[in-house]
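Written below as structure tokens is the structure these notes are about.
Please treat every number below as a calculation from the coordinates, not as lab data. Not measured: the values here are computed from a predicted model. Heads up, the Cβs are rebuilt from the backbone with ideal geometry, glycines too, and the neighbour counts pull from every protein chain shown.
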Amino acid sequence: MLNKEALEYLVGLGYEEDVLVETEKGLFSKTKLERVELPQIETLKVSNLTSIVDFMKANIDGIEGKLLIQVVSPREVKILSPLDTDRNRQEILRAVAILPDNIIYDRFIDTERFNIMLQSGFADNEDKKLLLKFTGLIRDEAVKDTGDDGISQQATIKTGVASVADAKVPNPATLAPYRTFPEIEQVESKFIFRMRSGPEAALFEADGGAWKNWAMRRIKEHLVENLKEIESRYEIIS
């Protein structure tokens, strides 16, 4: 049984006397109480790493305690608050990279579309130049007469007005699609390149997704380098 002082204390917390019932088994309330949740921060959405660096350095909201920067994936980074009284973190800022939407894997497309995809969606390197040259000169009849040992393909391409020459397709090709934030160097990985009559071409990823770990590592290194003057204000994980 609760004494008079305990009852007065409960009433002072907002309990009305007429909703409290004292029994031999203790004090009961006639109404159901629900927890009032803490107000949530509205997540700020950006599309590049530069915004994260600027936000962290400015500390616009004057947030106390260490913030947590989480590299979620090659295209997403979050800034999370310190733990609140419920041991939860709030998402303060989310950066999602804007990436080309015309990159196609594992499917054959015509060489004109393939050529445009390479030029607009891949960083420059030697294998990109070779594939652009190859797909730009290949003829349908050359693909039909191609030599194929299951690994590499060889076809006859037109090199001049009336001349032809044999060309071997680079395979696997080392390419760097735009698939992470533009502030960091795009990660190169292996692709199987195939052609067939049409003419059509296709790229098949051949690194088992290992590029994702490298991209996330580069994002972390970029942020650490650009935030070193305020390193005491954050922790970063990837």
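Using θ = phi - 60° and the Karplus relation 6.51 cos²θ - 1.76 cosθ + 1.60, list the HN-Hα couplings for the range 59-76 in order, rounded to whole Hz, with x at every Gly or Pro.
Taking θ as phi minus 60°, the curve returns 6, 4, 8, x, 6, 8, x, 6, 8, 10, 9, 10, 7, 6, 7, x, 10, 9 Hz for the range 59-76.
So, counting K/R as plus one and D/E as minus one, what does the shell of residues with Cβ under 14 Å around Glu185 add up to?
Local net charge: -1.
Between Phe108 and Thr31, what's the calculated FRET efficiency when r is the beta-carbon distance and R0 is 45 Å? Round to 0.05.
Computed FRET efficiency for Phe108 and Thr31 comes out at 0.10.
Can you list residues from other chains, or at least 5 along the same chain, whose modelled amide H is less than 5 Å from the amide H of Ile92?
Correct list: Ile79, Leu80, Ser81.
Can you give me the long-range amide H partners of Ala123? Hydrogens built in the peptide plane at 1.01 Å from N, cutoff under 5 Å, separation of 5 or more residues or another chain.
When sequence neighbours closer than 5 places are left aside, the close amide H contacts are Ala176, Tyr178.
Whose amide H sits under 5 Å from the amide H of Val72, counting only residues 5 or more places off or on another chain, with H placed in the peptide plane?
Result for Val72 returns Val77, Lys78.
From the phi of every residue in the range 120-129, what ³J(HN,Hα) in whole Hz does the Karplus formula 6.51 cos²θ - 1.76 cosθ + 1.60 yield, where θ is phi - 60° and glycine or proline is x?
Working through the residues one at a time gives 9, x, 10, 5, 5, 7, 5, 5, 4, 4 Hz.
Here is the link list: Lys128/Lys212; Lys45/Lys190; Lys57/Lys190; Lys57/Lys212. Which ones come out longer than 31 Å on Cα distance?
Over 31 Å Cα-Cα: Lys45/Lys190; Lys57/Lys190.
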